[in-house]
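Taken together, the values in this text are just the output of simple stated rules run on the coordinates, not laboratory data. The model shown is predicted, which means the values in this text are computed figures rather than measured ones. Every residue, glycine as well, gets a Cβ built from its backbone with ideal geometry; the counts of neighbours run over all protein chains shown.
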Amino acid sequence: MFYGIEFPPAGECGDPKALAEFARLAEEVGWDGAFLEDYAFYHNDTYRSVPGVPTYDPWVALAAMATQTKRVRLGTAITPLPRRRPWKLAREAVSLDYLSGGRLILGVGSGDVSDKGFTHFGEITGPKQRARLLDEGLEILVGLMSGSPFSYKGEHYTIEEVTFLPEPLQHPRIPIWVGGMWPRKVPLRRAARRDGFIPYKQAEDGRQVDMTPEDVRRIRAAVERERTEPGPFDLVVGGDERREDWDEERSVISSLAEAGATWWLEWVPAASFEEMCRAIVRGPLRVR
């Protein structure tokens, strides 16, 4: 099991300089990855009633984080691909892969249904259309990162033959994790074609609920049936604040690791610099 810590690039300490310091500190105390949320306009329950929240570009922040670290993996969890131009994201990702020495993980998804980066800027909001944009965007990302001549004609994108160079440092490509709702079949199939799955579950009232070991085992079995590419496949779980009962948290992590999860993400909410540093220096709750 690998352990990642996730930050919002927003709030009092969401600027690239602060996030670079958080990443340096995370590496120092033993975290395996440092990840950023990706919003054009940050919102969550903490800020739902606030008219405007300081929000910073996660890709600029990741570049700053790369210059202050040497070992820790860096990435997004997740970037809403339907509101990005895939060729621009491919260029940014490869550049960051070089800057970090081959440590980037690219997490992508269709985006939150209430994300103001869609609803307030005239972006496509329909879930089926977003899904098609996501699928086309993934095909383009993989094709452009191949370093070979690539062309594409789809419903939303058309690309005349072009060769994107340089290739990423990582081969065959920068690892791509795909987010999606479980137990829906389409998101899992989409992820199985790439390098990892970041699943989430919702209760009937819309609340996000924890993944269980049985969920993880079922996902692992389904991925084995669907997967056609060789190589490792990551199953990424967690993504919430640490429980007050650390023994309970460690027990949950252990059960998910035994079931087949490979990464545990712990989210640190926006707070003061001192509060966020205290959350980081606790280090990951490693299990055997």
Overall form of segment 132-288 per C-alpha gyration tensor (a/c, 1.5; a/b vs b/c): prolate
Loop-only check: which trypsin sites (Lys or Arg not before Pro) in segment 66-147 are DSSP coil with at most 14 other Cβ within 10 angstrom? Lys70, Arg71
Which value results when the Cα radius of gyration for segment 69-223 is divided by 2.2 N^0.38 Å? 1.08
Shape call, segment 195-288: gyration tensor on alpha carbons, a/c limit 1.5: prolate
If we count GluC sites (Glu not before Pro) as exposed when they sit in a DSSP loop and have at most 15 other beta carbons within 10 Å, what is the longest stretch of the chain that avoids them all? 13-154
How many percent of DSSP beta bridges within the chain run antiparallel, rounded to 5? 15
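Please compute one quarter of the surface area of the Cα convex hull for the chain and express it in square nanometres. Don't jump to the answer; show the numbers that get you there.
Values: hull surface 59.1 nm².
Across all orientations, the chain yields a mean hull projection of 14.8 nm².
Averaging sequence separations of C-alpha pairs under 8 Å and six or more residues apart, then dividing by the length of the chain, give the relative contact order as a whole percent. Provide the component values of the computation, followed by the final result.
Details: 559 pairs, mean separation 60.0, N = 288.
Result for the chain is 21 percent.
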Where the centre of each part is set by its Cα atoms, how far does segment 259-286 sit from segment 160-234, in angstrom? 22
Theoretical gain in end-to-end length, Ser151 to Ser255 [0.36 nm per residue, Cα-Cα removed]: 33.0 nm
Segment 129-180: radius of gyration and largest Cα-Cα distance (Dmax), Å: 11.7, 32
Tell me which chymotrypsin sites (Phe, Trp or Tyr not before Pro) from segment 65-134 have a DSSP coil assignment and no more than 16 other beta carbons within 10 Å of their own. Phe121
